[in-house]
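Everything below concerns the one structure shown next.
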Amino acid sequence: MDRRDFIKRTAALTAASYVGINLPHGLGNLAQGADAETWVAGTCRLCGVGCRLELGLSKGKPVALRGIADSRTNLGYLCMKGTLFYQLIGHPDRLTQPLYRARKDQPFQAISWEQALDIAAREFAGAVKAHGNDSVAYYGSGQCLTEETYLFQKVMRGGLQTNNVEGNPRLCMASAVGGYLSSFGADEPIGSYADIEKAECFFLIGSNMAEAHPVVFRRLLKRKRENPAVKVINADPRISPTSRLADLHLQFRPGTDLALLNAMAWVILEEKLHDPAFIDDYCVFKAGKGDTIDLAAFRASLDAYTPEKTAAICGGNITPGVIRTAARWFARSAGTMSLWCMGINQRRQGVWANNLIHNLHLLTGQLCKPGADSFSLTGQPNACGGVREGGGLCHILPGHRPVVKDALRHQVEDAWGIPRGRIPAKPGLHTMAMFQGVNEGKVKAIWINCTSPAQSLPNADLYRKGLRRDDVFVLCTDIFPTRTTELANLILPTAFHFEKTGVYGCTERRSQLTPKAVDAPGQAKPEVWIVREWAQRLAKELGDPVIARTVEPFAGLEPDAALPEAIWNEYTQKLTGGRDNDLRGATYKVLRQMPDGVQWPAPTEAYALTGGTVRKFVRGLDPIADEEAKGSDKPFIFYGPAHADRKLYIWQRKYVGAAEEPDQDYPVYLSNGRIVDHWHTSSMTGRIPALMRANPYAYIEINPKDAARLGIAPNDMVEVESRRGKTTFPAKVIEGPMEGMVFVYWHDMDEERMINKVTMDAYDPGSKEPEFKISACRIRRVSGPKALKPFIVKL
Amino acid sequence: MPIGGFVIQIDAAARPEVLAPLGKMPEVEVYGDDGKGNLVAVLDCDTSQRMEKVVEEIAAVGGVFNVGLVYIHAEDEVASIAAGDYVPSRRTHPRREQ
């Protein structure tokens with residue numbers, strides 16, 4: 001048997017182990033000696049699912065990735081992105097040395113780290129001296145490790161005395177945060193992926209999880225295939241690859257889902273499908289900004305959303321009958337699990353849309369029991385762990401502490417050993433305000449870490465103008481050139497996944513450790529080292545010893561393991577105790593023993609070694625619920641920090657349409673989303689040949705009726721124009737988007753195909769999350785098919 | 001030359017109809033199944049591009065619901081990238097000036 005046979009049999013065994021098949025030929029023994037010399041346990045890097053995997057090394061080089069069959073997140077499955085990202089380790093396009101230019105029309109010059117850190121410190125200190133503390137800003141990412149986000153925000157808040165700390169989760173998850181806090185009093189889902197295998201009904205709304213979360217979708221697929229009686233409802237104006245699983249597809253006019261959700265609530269109450277005991281025990285009804293109302297008033301408010309009235313509002317295939325069917329399936333199943341993502345969150349009324357999904361669960365008691373949960377899917381691997389929990393947004397400090405709460409702010413200052421009052425009491429600029437501040441020249445120095453706002457912000461051209469200003473210093477830390485590094489003064493090369501050590505916290509409150517397995521290329525460094533060295537210089541530039549104090553506990557620690565562990569220890573041990581995301585038990589020592597990670601709350605190491613809390617708020621399953629029960633005879637204790645009354649809120653929320661509805665000038669709805677093979681702005685996946693070949697450029701999906709009306713044939717070039725800009729794509733004529741709507745994939749970084757030049761930058765008044773998903777446009781055929789080539793930004 | 005391990009989910013009642021065309025695909029080896037609609041297969045292809053094509057061909061077979069990749073080995077492809085013999089992506093548009 002040659003080496004190739006060994007590898008093939010390893011592949012077969014790995015696949016067989018997922019489905020419990022015993023293969024012949026005694027392959028189990030053979031596999032033990034096959035292929036990689038070392039396997040290093042960690043997580044995937046390319047979405048919010050948190051797939052557990054192992055990186056295979058041969059002679060110290062990455063040669064393979066594999067799933068692990070007993071994984072609690074992915075059951076061993078990986079998607080193509082997750083299977084291939086090892087190719088980015090050592091990729092020839094990697095940034096490997098600091099690059100600088102004083103003016104943005106100059107070419108970059110390679111400089112040393114000493115020079116780079118001095119420049120970064122000088123520019124930020126200079127902005128603070130000349131324009132005040134709020135003239136500097138940090139814009140991070142849901143892909144940064146928790147240790148990185150935590151340390152950046154610590155230096156910015158405690159050192160530079162500004163809450164101008166933001167991250168790209170503002171663009172994707174902020175509405176989910178607002179929804180969880182206002183409905184349940186606590187951020188992040190109550191249940192877990194494990195509910196998928198128990199659910200009898202799935203309500204998928206605003207999510208094309210078949211492409212955006214393919215591994216979780218595979219769990220749904222398996223559940224449905226093995227239990228055909230399980231019902232799947234898919235609510236989406238577009239028939240997507242996710243819709244193939246649905247028993248019932250609800251296709252409604254974009255933005256009318258708020259009416260649809262209210263109509264389902266109306267049916268639930270009208271047909272007495274609700275759970276009066278659950279409502280009496282745990283819920284109160286709320287209206288406006290928090291006025292308590294009673295059930296009768298709530299019910300009366302839904303009379304505007306009878307199935308008949310709502311069908312007229314929603315259009316599409318929505319009839320009174322399908323609304324009733326959906327409501328009945330939702331309410332009557334033994335366990336209903338809702339899953340949603342950007343179609344709900346990236347909306348002007350994103351928080352309200354989240355509230356209305358939660359309402360259905362609260363009315364029916366579809367919560368806190370196996371298979372029942374209101375479960376927001378997350379887009380990035382550490383939007384939850386790093387940004388939502390670690391203090392990565394302008395209004396939240398570590399441990400889910402609102403900035404505006406004096407006592408909580410002082411807890412953080414005390415933990416850091418800095419004077420009280422050092423952290424400003426006022427939240428900083430949220431993402432859209434931050435880049436507006438750049439446009440206006442109010443933000444003079446901005447650090448953009450591991451994300452590309454020049455491509456990912458809505459109405460991107462408007463904000464690129466600001467980033468081009470020569471009086472705004474733009475610093476980018478990244479692994480590859482992007483549309484944003486094109487606008488930078490200083491580019492600092494960073495280590496990639498498995499080239500550094502740290503924790504990701506995925507969708508289901510699960511923190512997982514990925515250790516360094518290989519060296520970063522060239523002079524690339526872990527961000528935690530960069531921040532520490534920068535802060536020390538910053539302290540000297542500004543003559544402020546408190547800045548130095550923010551990194552003092554980490555002085556001299558080697559950056560590959562000791563430094564991130566010390567940062568994690570500070571965060572978890574000093575700032576999560578007594579909070580709902582208690583991670584004190586999830587030490588590096590425990591995480592190294594638990595390749596599946598730990599779900600919070602996990603107050604002790606002994607408890608964390610069980611895996612942590614699968615379902616929050618349930619006595620017997622959640623140690624905080626047990627502790628907080630205090631003589632209660634109820635099975636659930638809703639101790640969420642945002643609701644002092646420990647109640648769950650059923651909100652009266654009226655239907656409000658999109659910020660920009662189609663009109664005579666721009667008569668078509670525009671929406672956009674992910675394609676399975678690409679991630680965000682494709683700066684990584686665009687460099688993996690198999691993925692780029694699969695989808696070399698974005699295209700526009702057009703309903704056949706619209707295409708016929710406009711004389712558009714498949715592959716014709718079609719211009720999409722809004723009030724903000726225009727782009728051109730090849731046409732795919734398909735029964736996907738409903739009539740009067742087009743859909744575009746958003747990953748493409750080609751100047752002619754960047755859809756965010758067209759999208760809408762109106763945002764939710766509560767969450768400040770922009771309405772990427774709905775805007776008005778007009779389309780026209782500009783030519784027949786044209787040869788196109790893929791494009792990736794290079795230096 | 002990548003090697004991939006796959007779980008192919010099929011209509012269990014259509015097992016013979018699925019296995020027949022798979023047996024004619026030279027790059028596909030079916031190692032076993034569980035009788036409930038899960039087939040374990042290995043794809044040994046010259047290039048990852050070719051593997052994508054074969055996956056599409058399998059997915060198009062009647063009775064196949066899903067072709068799920070669970071393992072991939074591409075050591076030689078990585079080596080060729082490291083050696084500079086294989087450049088995974090290339091600039092195809094002229095540089096745009098700031």
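Using the structure shown, decide if A:GLN87 is part of a helix (DSSP H, G or I), more than 14 Å from chain B (Cβ to nearest Cβ) and either acidic (Asp, Glu) or in contact (Cβ under 8 Å) with a residue 24 or more places away in the chain (or both).
Working: part of a helix (DSSP H, G or I): yes; more than 14 Å from chain B (Cβ to nearest Cβ): no; either acidic (Asp, Glu) or in contact (Cβ under 8 Å) with a residue 24 or more places away in the chain (or both): yes.
Answer is no for this residue.
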Is it the case that some residue within region A:419-429 is at pLDDT 95 or above and outside any loop (DSSP other than H, G, I, E, B)? no
Give A:LYS104, A:LYS59, A:LYS81 a once-over and let me know the one that is within 14 Å of another protein chain (Cβ to nearest Cβ), on the phi > 0 side of the Ramachandran plot, out of contact with any Pro (no Cβ under 8 Å at 6 or more places or on another chain) and not aromatic (Phe, Trp, Tyr). A:LYS59
Across region A:602-646, the tally of residues that are touching a Ser or Thr at 6+ places or on another chain (Cβ under 7 Å), part of a loop (DSSP other than H, G, I, E, B) and free of Cβ contacts under 8 Å to residues at least 60 places away in the same chain stands at 3
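Of all residues in region A:767-795, which are polar (S, T, N, Q) and buried (at least 23 other Cβ atoms within 10 Å of the Cβ)? Break it down stepwise before answering.
Filtering region A:767-795 for residues polar (S, T, N, Q) gives A:767, A:775, A:783.
Scanning region A:767-795 gives A:SER767, A:SER775.
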Listed residues A:ASN227, A:ASN262; which is surrounded by fewer than 20 Cβ atoms within 10 Å (Cβ to Cβ) and polar (S, T, N, Q)? A:ASN227
How many of the residues in region A:755-766 are surrounded by fewer than 24 Cβ atoms within 10 Å (Cβ to Cβ) and either within 18 Å of the chain's Cα centre (by Cα) or more than 21 Å from A:PRO667 (Cα to Cα) (or both)? 3
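Just a yes or no: is a residue in region A:778-795 outside any strand (DSSP E or B) and free of Cβ contacts under 8 Å to residues at least 12 places away in the same chain? Full working, then the answer.
Filtering region A:778-795 down to residues outside any strand (DSSP E or B) leaves A:784-795.
Narrowing further to those that are free of Cβ contacts under 8 Å to residues at least 12 places away in the same chain: A:787.
Checked against the condition, which is being outside any strand (DSSP E or B) and free of Cβ contacts under 8 Å to residues at least 12 places away in the same chain, region A:778-795 yields at least one hit.
Among what's in region A:62-77 and is out of contact with any Cys (no Cβ under 6 Å at 6 or more places or on another chain) and closer than 12 Å to A:GLY50 by Cα, pick the residue that is farthest from the other protein chains (Cβ to nearest Cβ). Let's see the steps before the verdict.
So in region A:62-77, the residues out of contact with any Cys (no Cβ under 6 Å at 6 or more places or on another chain) come out as A:62-72, A:75-77.
Adding the requirement that they be closer than 12 Å to A:GLY50 by Cα leaves A:67, A:71-72, A:75-77.
On the way: A:GLY67: 5, A:SER71: 11, A:ARG72: 16, A:LEU75: 10, A:GLY76: 6, A:TYR77: 6 Å.
Filtering first and then ranking leaves A:ARG72.
This table checks each residue for (1) within 11 Å of chain A (Cβ to nearest Cβ); (2) surrounded by fewer than 17 Cβ atoms within 10 Å (Cβ to Cβ); (3) closer than 17 Å to A:ARG225 by Cα.
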{"site": "B:ALA20", "(1), (2), (3)": "no, yes, no"}
{"site": "B:VAL28", "(1), (2), (3)": "no, no, no"}
{"site": "B:TYR31", "(1), (2), (3)": "yes, no, no"}
{"site": "B:LYS36", "(1), (2), (3)": "yes, yes, yes"}
{"site": "B:VAL42", "(1), (2), (3)": "yes, no, no"}
{"site": "B:GLN49", "(1), (2), (3)": "yes, yes, no"}
{"site": "B:VAL55", "(1), (2), (3)": "yes, no, no"}
{"site": "B:ILE58", "(1), (2), (3)": "no, no, no"}
{"site": "B:VAL64", "(1), (2), (3)": "no, no, yes"}
Could you please give the count of residues in region A:129-154 that are surrounded by fewer than 24 Cβ atoms within 10 Å (Cβ to Cβ) and of a type outside the set (Lys, Arg)? 6
Just checking, which of A:ASN703, A:ASN695, A:ASN715 is farther than 29 Å from A:GLY178 by Cα, within 14 Å of chain B (Cβ to nearest Cβ) and either of a type in the set (S, T, N, Q) or over 26 Å from the mean Cα position of the chain (by Cα) (or both)? A:ASN695
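Scan region A:477-488 and tell me whether some residue there is modelled with pLDDT of 95 or more and assigned to a strand (DSSP E or B).
Within region A:477-488, the subset modelled with pLDDT of 95 or more is A:477-488.
Then keep just the ones that are assigned to a strand (DSSP E or B); that gives A:477-478.
Yes: one or more hits.
Looking only at region A:146-155, how many residues end up being in contact with a strand residue (DSSP E or B) (Cβ under 6 Å, 6 or more places away or on another chain) and either polar (S, T, N, Q) or under 11 Å from A:ASN449 (Cβ atoms) (or both)? Lay out the reasoning, then the answer.
Of region A:146-155, the ones in contact with a strand residue (DSSP E or B) (Cβ under 6 Å, 6 or more places away or on another chain) are A:146-147, A:149, A:152-153.
Now restrict to residues that are either polar (S, T, N, Q) or under 11 Å from A:ASN449 (Cβ atoms) (or both): A:146, A:149, A:152-153.
Selection size over region A:146-155: 4.
Just checking, does region A:746-758 include any residue being at positive phi, within 14 Å of chain B (Cβ to nearest Cβ) and in a loop (DSSP other than H, G, I, E, B)?
As a first pass, look at region A:746-758 and keep what is at positive phi: none.
Checking region A:746-758: not a single residue is at positive phi, within 14 Å of chain B (Cβ to nearest Cβ) and in a loop (DSSP other than H, G, I, E, B).
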Restricted to region A:767-795 and to residues being out of contact with any strand residue (DSSP E or B) (no Cβ under 8 Å at 6 or more places or on another chain) and within 24 Å of A:SER452 (Cα to Cα), the residue farthest from the other protein chains (Cβ to nearest Cβ) is A:SER767
Failed condition for A:ARG244, given (1) closer than 26 Å to A:LYS705 by Cα; (2) within 31 Å of the chain's Cα centre (by Cα); (3) surrounded by 20 or more Cβ atoms within 10 Å (Cβ to Cβ); (4) not acidic (Asp, Glu): (3)
Residue count, region A:127-149, condition under 22 Å from A:LEU542 (Cα atoms) and touching a residue at least 24 places away in the same chain (Cβ under 8 Å), comes to 12
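For A:GLN455, are the conditions met, namely being over 20 Å from A:GLU147 (Cα atoms), surrounded by 24 or more Cβ atoms within 10 Å (Cβ to Cβ) and either among the hydrophobic types (A, V, I, L, M, F, W, C) or in contact (Cβ under 8 Å) with a residue 24 or more places away in the chain (or both)? Full working, then the answer.
Values: over 20 Å from A:GLU147 (Cα atoms): yes; surrounded by 24 or more Cβ atoms within 10 Å (Cβ to Cβ): yes; either among the hydrophobic types (A, V, I, L, M, F, W, C) or in contact (Cβ under 8 Å) with a residue 24 or more places away in the chain (or both): yes.
It is true that A:GLN455 is over 20 Å from A:GLU147 (Cα atoms), surrounded by 24 or more Cβ atoms within 10 Å (Cβ to Cβ) and either among the hydrophobic types (A, V, I, L, M, F, W, C) or in contact (Cβ under 8 Å) with a residue 24 or more places away in the chain (or both).
The values are calculated or read from the model by the stated rules, or taken from the named source; none is laboratory data. Quick caveat, the model's predicted, so the values are computed rather than measured. Neighbour counts run over all protein chains shown; Cβ positions are idealised from the backbone, glycine included.
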